[in-house]
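Written below as structure tokens is the structure these notes are about.
Nothing in this text is a laboratory measurement; each read-out follows from the coordinates by a stated rule. This is a predicted model, so every value here is computed, not measured. Quick reminder, even Gly has a Cβ in these numbers, built from the backbone with ideal geometry, and neighbours come from all protein chains shown.
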Amino acid sequence: MATERTLSIIKPDAVAKNVIGEIESRFEKAGLKIVAAKMLQLSQEQAEGFYAEHKERPFFGDLVGFMTSGPVVVQVLEGENAIAANRDLMGATNPKEAEAGTIRADYAQSIDANAVHGSDSPESAAREIAYFFEESEICSR
Ligand code: RTP
Ligand code: MG
């Protein structure tokens, strides 16, 4: 297994619930390191560009509306198999289908307000990390 980086977002619902620390703690306990992080309010353009792969999907408008509804934490997680490890910690997209003990099972309300984002492949991770961070802003350790 190789050391990987993945892009994680703590979405507006989880920030509003004040569970940033609890979510970060799960990443750290699983051995993932937070090597870059910032809080920001996404603009419409930023959210549309980030989720461009879903542009034609019927839920795109709701997704962009939700992602711009409040501040988010965008971050880079680094560790062994980080992309899949993060997706395992997150659980299924729909919290009703998420396995017990996953972040979405514990903190998400609905398929829209589902607490976290995580890159789904090495290609997405590279694009998504570069979307928010300069290489010089990432502190591997
Ligand atoms: P994310 O990209 O946010 O990490 O979520 P994901 O990979 O688990 O799911 P994805 O298929 O990439 O969808 C992105 C976000 O769009 C919303 N969605 N709604 N109503 C629907 O059928 C539907 N499908 C997806 C979700 O909020 C999902 O996180
Ligand atoms: Mg996705």
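Looking only at the stretch 101-120, filter to residues that are more than 14 Å from R87 (Cα to Cα) and assigned to a loop (DSSP other than H, G, I, E, B); which one of those is farthest from ligand 1 (Cβ to nearest atom)?
Step by step, filter the stretch 101-120, then rank; the result is Q109.
Screening E45, E4, E24 for residues that are among the acidic types (D, E) and in a strand (DSSP E or B) leaves exactly one candidate, E4. Within the stretch 60-72, is there a residue that is touching a Lys or Arg at 6+ places or on another chain (Cβ under 8 Å), assigned to a strand (DSSP E or B) and buried (at least 20 other Cβ atoms within 10 Å of the Cβ)? Yes; the residues of the stretch 60-72 include at least one that is touching a Lys or Arg at 6+ places or on another chain (Cβ under 8 Å), assigned to a strand (DSSP E or B) and buried (at least 20 other Cβ atoms within 10 Å of the Cβ). If you filter the stretch 90-141 down to residues that are within 18 Å of K29 (Cα to Cα), of a type in the set (A, V, I, L, M) and in contact (Cβ under 8 Å) with a residue 40 or more places away in the chain, you find that the one that is farthest from ligand 2 (Cβ to nearest atom) is I103.
In this structure, does L32 turn out to be in contact (Cβ under 8 Å) with a residue 40 or more places away in the chain, farther than 14 Å from V116 by Cα and of a type outside the set (S, T, Y)? Spell out the reasoning first.
On the way: in contact (Cβ under 8 Å) with a residue 40 or more places away in the chain: yes; farther than 14 Å from V116 by Cα: yes; of a type outside the set (S, T, Y): yes.
So L32 passes the test.
Looking only at the stretch 76-87, decide whether some residue is exposed (fewer than 14 other Cβ atoms within 10 Å of the Cβ) and either among the acidic types (D, E) or within 11 Å of ligand 1 (Cβ to nearest atom) (or both). Within the stretch 76-87, one or more residues are exposed (fewer than 14 other Cβ atoms within 10 Å of the Cβ) and either among the acidic types (D, E) or within 11 Å of ligand 1 (Cβ to nearest atom) (or both).
Report yes if A84 is within 18 Å of S121 (Cα to Cα), assigned to a loop (DSSP other than H, G, I, E, B) and small (G, A, S), otherwise no.
On the way: within 18 Å of S121 (Cα to Cα): yes; assigned to a loop (DSSP other than H, G, I, E, B): no; small (G, A, S): yes.
Here the answer is no, as A84 does not meet what is asked.
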